[in-house]
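The values are calculated or read from the model by the stated rules, or taken from the named source; none is laboratory data. Quick caveat: nothing in here was measured; it's all calculated off a predicted structure. Here Cβ is always computed from backbone atoms with ideal geometry, including for glycine, and neighbour counts include all displayed protein chains. For accessibility, only protein heavy atoms count, side chains too; no ligands or nucleic acids. Shrake-Rupley method; radii C 1.70, N 1.55, O 1.52, S 1.80 Å.
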Amino acid sequence: MRKTLYDKIFDAHVVRKDADGTVLLYIDRHLLNEVTSPQAFEVLRHERRPVWRARANLAVADHNVPTTARGLGIVDSISRIQVEALRENCERSRIAHYGMDDAQQGIVHVVAPEIGSTLPGMTIVCGDSHTSTHGALAALAFGIGTSEIEHVLATQTLITRRSRTMRVTVNGVLPLGCSAKDVALAIIGSLGTAGATGYAIEFSGPVVQALSMEGRMTLCNMSIEAGARAGLIAVDDTTLDYCRTREQAPRGEAWESAARAWRELHSDDGAQFDAERTLDISSLAPQVTWGTSPEMVTTIEGHVPNPMDIEDEGRRASFKRALEYMDLRARTPIQSIAIDKVFIGSCTNGRLEDLRAAAGVLRAAGGRIAANVRLALAVPGSQRVKREAEALGLHEVFIDAGFEWREPGCSMCLAMNADRLEPGERVASTSNRNFEGRQGAGGRSHLVSPAMAAAAALAGRFADVRNITRLTGGR
């Protein structure tokens, strides 16, 4: 039987299947953070249930940790309690834990792949929707809720159902000035935020195959924003080269055996998907969101749309509401929209490749951030990324341009720590969501790539990064 990549991984982990389609699925890796795990641990304690397989779990403090002045501790009491509870719960259950001051700390979706805790063919869950990131390594990875966290801790299994499958084929060649983030936003703009609801997306095609592993992580990270349960990319040389040197990857003969098995993690020729979508990005331009959903996106050459041009009444109403919240007028050129803050980081774009892209723009253009930009943050996705970036001198590029170089964490991706927007502030952000209040109550978020965020910081408004890359020969 010809199988999709999703079916191969899912079927290999089925413990039991009931007549109604419900499946008990074995989970290879359970990732934990300080926000969604405390209640699950509390229930286990109350019911006197131990963690069933501690070594299959990995915990990282990321959402609530400060990105500056860590020596002063966490000021917010709720955040401090959650971070301390994660440490205590992990110590009690003997779960590997990277706390705020650990040399391996960072965002869990950055840390797990870089240490080899994420490997091809795994099933991976976490109490965080952007667990889909790990699908870049051909792992079936998705977010779960608190009661499910409890179930996985107690049994290392999950009660679930099979998803439908969708293949998104991306053809063409990635144009100058564009990145995986632009491809992701273009796909979401095409599918809509509910276009992949109930599906696991497998990304394929020449553009996807040409992406680095970091670019693939960005693409899979954003799959959830199209409504998908998970994102997946087949194993190839890029996958194996990335995994080969990771600390927790197999060694010697075990590596050779694993690599042979991982080579089979692709959809079989002729495998049937429940849905197929194709996108040609040969003429893609850098993307900028204008509204309060990732599907509300256009190009840097575009304009804010006019809701009156939309026939569907419900969609027209949502566009009107978005324009009111974002304080924008229809037909406003994107390049005329001024910004107050810039955020480069998150589990979407906080990896070394992302920081290099942004620093490359700053270095090529010269100068400092515009006078109207109140704050520009460069936040590495992990301590390892921070060390590697500093070894390359990237931190100096950011600092010289007027950015603040911070400690790793989720930072301004969401308003759960000190890095946030004030009401009415507008940000060029490399994160994954531009919902109302996502980055701070009353804050207005525009999603862009790291290179576009750097260009916006210098211009004080959204600017076409291609004007810089053309002048520097694409460097």
*asked:* Cβ-Cβ distance below 7 Å, separation of 6 or more or different chains: which pairs start in region 120-137 with a residue that is under 18 Å from Thr165 (Cβ atoms) and end on one that is open to solvent by less than 10 Å² (accessible area, probe 1.4 Å) and among the basic types (Lys, Arg)?
replied: Ala136/Arg216
*Could you please find all residues in region 87-106 being within 22 Å of the chain's Cα centre (by Cα) and surrounded by 21 or more Cβ atoms within 10 Å (Cβ to Cβ)?*
His97, Tyr98, Met100, Gln105, Gly106
*Is there a residue being open to solvent by 10 Å² or more (accessible area, probe 1.4 Å) and under 28 Å from Met100 (Cα atoms) anywhere in region 424-436?*
yes
*Considering only residues that are of a type in the set (Gly, Ala, Ser) and more than 14 Å from Arg87 (Cα to Cα), look in region 59-76 and name the one that is least open to solvent (accessible area, probe 1.4 Å).*
Gly73
*Out of all the residues in region 112-130, which are touching a strand residue (DSSP E or B) at 6+ places or on another chain (Cβ under 8 Å) and within 16 Å of Arg351 (Cβ to Cβ)?*
Ala112, Glu114, Ser117, Thr118, His130
_Matching option when the condition is open to solvent by less than 60 Å² (accessible area, probe 1.4 Å) and not aliphatic (A, V, I, L, M), among Thr278, Thr238_ = Thr238
*Across region 154-168, what is the total count of residues that are in contact with a Lys or Arg (Cβ under 7 Å, 6 or more places away or on another chain) and surrounded by fewer than 24 Cβ atoms within 10 Å (Cβ to Cβ)?*
3
*If you go through region 107-153 one residue at a time, how many are part of a helix (DSSP H, G or I) and open to solvent by 20 Å² or more (accessible area, probe 1.4 Å)?*
6
*Residue tally, condition open to solvent by 70 Å² or more (accessible area, probe 1.4 Å), in a helix (DSSP H, G or I) and either under 22 Å from Asn467 (Cβ atoms) or among the aliphatic types (A, V, I, L, M) (or both), over region 358-396*: 2
*In region 261-290, what residues are over 17 Å from Gly172 (Cα atoms) and hydroxyl-bearing (Ser, Thr, Tyr)?*
Ser267, Thr289
*Residue satisfying all of: in region 187-201; open to solvent by less than 20 Å² (accessible area, probe 1.4 Å) and touching a strand residue (DSSP E or B) at 6+ places or on another chain (Cβ under 8 Å); farthest from Ser283 (Cα to Cα) among these*: Ala200
*Output the residues belonging to region 208-256 that are of a type in the set (Ser, Thr, Tyr), out of contact with any strand residue (DSSP E or B) (no Cβ under 7 Å at 6 or more places or on another chain) and under 23 Å from Ala357 (Cα atoms).*
Ser212, Thr218, Thr238, Thr239, Tyr242
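Mind checking which residues of region 130-156 are over 30 Å from Gly205 (Cα atoms) and among the aliphatic types (A, V, I, L, M)?
Ile149, Val152, Leu153, Ala154
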*Is there any pair linking a residue in region 272-295 that is within 19 Å of Ile224 (Cβ to Cβ) and outside any loop (DSSP other than H, G, I, E, B) to one that is open to solvent by less than 60 Å² (accessible area, probe 1.4 Å) and of a type in the set (S, T, N, Q), with Cβ under 6 Å and at least six apart or on different chains, and which?*
Thr289/Asn434
